[in-house]
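All remarks here apply to the structure that follows.
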Amino acid sequence: MRIAVASGKGGTGKTLVATSLAISLAEQKKPVQLLDCDVEEPNAHIFLKNKPNAEETVFLPIPQVDYGLCQYCGKCAEVCQFNAIALMKRTLVIFPDVCHSCGGCWHLCPADALKPVAREVGTVEMGQSDPIKLVSGRLKLGTHISPPVVKAVREKEDPASIIIIDGPPGSSCPVMTAVAGTDYCILVTEPTPFGLNDLVLAVEMLRVLGVPCGVVINRDVPGQDIIDRYCEMQGLPVLMRIPLQTQIARAYAKGIPLVESDPTWRAKFLELYQRVAGEVVS
């Protein structure tokens with residue numbers, strides 16, 4: 001089973017949920033693999049006390065021009081939908097940071113003057129924090145396009161394990177790459193107007209992708225039912241509530257998983273898994 005943990009905004013507690021769920025399942029002798037796809041700021045390794053034992057570099061093909069062959073016809077700039085190439089008189093300028101590596105420019109160049117060359121965009125780190133297998137992606141500093149790194153992390157999926165994906169925040173391309181094709185997505189949110197706004201965007205994204213989802217309300221406060229009312233209206237299950245408590249925040253700030261700072265949460269996370277499994281079966 002592949003379970004994604006995502007949120008419409010950052011700082012809602014995705015990693016808190018993903019790591020505690022993974023630890024709880026692993027303690028039941030279940031094979032668990034945690035994929036940290038929050039590649040701009042991976043931090044699951046902090047909670048699992050994991051040090052990587054292998055690393056792979058992620059490359060992205062970008063065009064390189066052979067000025068000896070270039071006829072300056074402008075065809076490459078014309079076909080580029082991302083404005084990554086500009087022709088200024090007899091100078092061809094390529095902007096690697098906005099290139100999506102679609103290959104249109106080098107495939108359609110009439111003079112065969114453009115060739116793909118590899119550009120480093122990030123790394124994938126593999127390790128094991130017994131018995132959890134951890135794979136983390138890390139976007140190279142100064143690089144803006146993260147979906148290739150997220151995709152490289154997901155290519156390490158172990159089908160023999162329960163796969164838990166700690167996704168990037170938001171509802172754009174990186175998140176879609178992280179959650180597409182999963183069996184279920186746990187959306188972590190908080191009971192605030194901002195939390196609701198971003199939850200709505202995330203739910204709409206998941207419905208486009210055809211991924212079923214449920215909600216975990218973090219920093220829950222009695223009487224603040226803004227998320228509950230939305231979930232009821234949309235027919236979404238509220239899977240778990242994590243209260244707004246100072247001791248939870250302090251443990252998280254020290255890199256201590258919730259199920260280790262308060263072991264009574266282990267049963268609650270196992271119940272969360274059973275609810276998700278039940279939702280997938282139904």
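General observations
- Note on residue 102/residue 201: beta-carbon distance plugged into 1/(1 + (r/R0)^6) with R0 of 25 Å gives a FRET efficiency of 0.45.
- Accessible surface of residue 205 - all protein chains present, 1.4 Å probe, nearest 10 Å²: 20 Å²
- Seen from residue 30, the other residues with C-beta closer than 15 Å to its C-beta sum to a net charge of 0, counting Lys and Arg as +1 and Asp and Glu as -1.
- Note, ³J(HN,Hα) from phi for the range 56-66, Karplus 6.51, -1.76, 1.60, rounded to Hz, x at Gly and Pro: 10, 8, 9, 10, 10, x, 10, x, 10, 8, 9
- Heavy-atom surface of the chain, accessible at 1.4 Å and reported per residue (Å²): 48 Å²
- Summing +1 for each Lys or Arg and -1 for each Asp or Glu among the other residues whose beta-carbon sits under 14 angstrom from that of residue 170 gives -4.
- Two-site FRET efficiency, residue 115 against residue 55, from Cβ-Cβ distance with R₀ of 35 Å, rounded to 0.05: 0.80
- Projected label points at residue 88 and residue 267, each 7 Å from Cα along the beta carbon direction, are separated by 6.8 nanometres.
- Between amide H atoms placed 1.01 Å from N, distances below 5 Å from residue 9 occur with 170, all of them 5 or more places distant or on a separate chain.
- Counting charges near residue 266 (Lys, Arg +1; Asp, Glu -1) among other residues having Cβ under 11 Å from its Cβ returns a value of -3.
- Accessible-area composition of the range 6-150, carbon plus sulfur, in percent [1.4 Å probe]: 52 percent
- Among 246, 144, 195 the positive-end extreme of the charge dipole of the range 133-258 (Cβ point charges): 144
- Whole-number D in µm²/s for the range 77-149 (Stokes-Einstein; Kirkwood sum over Cα pairs; 20 °C, 1.002 mPa s): 146 µm²/s
- Relative contact order (%) - criterion: Cα under 8 Å, at least six apart; region: the range 28-179: 37 percent
- DSSP-defined antiparallel bridges as percent of all bridges, the chain, nearest 5: 45 percent
- Apportionment of accessible area to carbon and sulfur, the range 163-230, percent (1.4 Å): 62 percent
- Ligands, DNA and RNA aside, residue 46 has an accessible area near 80 Å² when probed at 1.4 Å.
- Measuring max minus min along each principal axis, the C-alpha atoms of the chain give extents of 69, 44, 36 Å (largest first).
- Per principal axis, descending, Cα span of the range 23-116 in whole Å: 64, 21, 20
- Think of the range 1-104 as a dipole: +1 on every Lys or Arg Cβ, -1 on every Asp or Glu Cβ, centred on the Cα centre; then among 70, 47, 103, 47 lies furthest on the positive end.
- Diffusion coefficient, µm² s⁻¹, Stokes-Einstein with Kirkwood Rh over alpha-carbon pairs of the range 120-233 at 10 °C and 1.306 mPa s: 101 µm²/s
- Inverse of mean 1/r across different Cα pairs in the range 67-112, Kirkwood, Å: 10.7 Å
- Each residue of the range 125-135 was assigned a 3J(HN,Hα) from its phi angle through the Karplus expression (A = 6.51, B = -1.76, C = 1.60, θ = phi - 60°), giving 10, 10, x, 9, 9, 2, x, 8, 7, 10, 10 Hz with x at Gly and Pro.
The values are calculated or read from the model by the stated rules, or taken from the named source; none is laboratory data. From a predicted model like this one, the values you see are computed outputs, not experimental measurements. No Cβ is skipped: glycine too gets one built from the backbone with ideal geometry, and neighbour counts run over all protein chains shown. Accessible surface is based on the protein model in full, side chains and every heavy atom, while ligands, DNA and RNA are left aside. Shrake-Rupley method; radii C 1.70, N 1.55, O 1.52, S 1.80 Å.
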